[in-house]
Amino acid sequence: FPSLVKVKKEQIINGNPCVSGVGIGKIVVVYPVADLETVADKTTDDPEGQIAVFKKAIKAARKEIIALAKYIATTTSKAEQALFEAYLQIIDSPGLKKDVIKAIRAGSWAPGALKRVIKQRILQFEEMEDQYLRERALDITDLGQRILSHLQSEETTTIKYPKQTILVGNEI
């Protein structure tokens, strides 16, 4: 019998899945939109302007997290959905905003101030004895990169993935 489905190329890839099961589909490799490591240390002559840009980026990142949480609510477990609640708690925490604003007022531009504060938070988590809490450093990194992407871009774009997409990346 002739095949009903033509397979151009079949490849088996092993990795650490975000969800259990077997995935068959089109692979899309994702890269971080923004990388905190590449942010240069610069000064600013307009700290209030930089603070306004930072607050706008925080609001945009918060809106993005809420949208992602709603989108995946029907396809993931409650434990996985709790990650987005944790992101919102961190982004809403007065400490994060206060520390970044303090660094801006000390003369740093917003991306540099964010980088410095996020790196401090990452180090705090990486030094914790509890393995689960140490792993949360990756979440802090992701959150920082989300905020940074909004600092670097005035206009965000929504990516439309085809059905049966398998996302591949260093961190998903």
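The values are calculated or read from the model by the stated rules, or taken from the named source; none is laboratory data. Bear in mind that the values here come from a model prediction, so they are computed numbers and not experimental data. Please note: Cβ atoms are built from the backbone with ideal geometry, for glycine as well, and neighbour counts cover all protein chains shown. What goes into the accessible areas is simple: the full protein's heavy atoms, side chains included, and nothing from ligands, DNA or RNA. Shrake-Rupley method; radii C 1.70, N 1.55, O 1.52, S 1.80 Å.
Scoring residue 115 on the criteria (1) open to solvent by 50 Å² or more (accessible area, probe 1.4 Å); (2) in contact with a helix residue (DSSP H, G or I) (Cβ under 9 Å, 6 or more places away or on another chain) leaves a single failure, condition (1). Comparison of 96, 143, 133, 123 shows that the only residue that is out of contact with any Lys or Arg (no Cβ under 8 Å at 6 or more places or on another chain) and farther than 28 Å from residue 20 by Cβ is 123.
Total residues in segment 118-132 satisfying the condition of being in a helix (DSSP H, G or I) and in contact with a helix residue (DSSP H, G or I) (Cβ under 6 Å, 6 or more places away or on another chain): the figure is 5.
A quick yes/no check of all residues on (1) in contact with a Leu (Cβ under 7 Å, 6 or more places away or on another chain); (2) open to solvent by 60 Å² or more (accessible area, probe 1.4 Å); (3) not in a loop (DSSP other than H, G, I, E, B):
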{"residue": "24", "(1), (2), (3)": "no, yes, no"}
{"residue": "40", "(1), (2), (3)": "no, no, no"}
{"residue": "49", "(1), (2), (3)": "no, no, yes"}
{"residue": "70", "(1), (2), (3)": "no, yes, yes"}
{"residue": "75", "(1), (2), (3)": "no, yes, no"}
{"residue": "80", "(1), (2), (3)": "no, yes, yes"}
{"residue": "88", "(1), (2), (3)": "no, no, yes"}
{"residue": "91", "(1), (2), (3)": "yes, no, yes"}
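Among the residues of segment 93-112, those that are small (Gly, Ala, Ser), part of a helix (DSSP H, G or I) and surrounded by 12 or more Cβ atoms within 10 Å (Cβ to Cβ) comprise 103, 110, 112.
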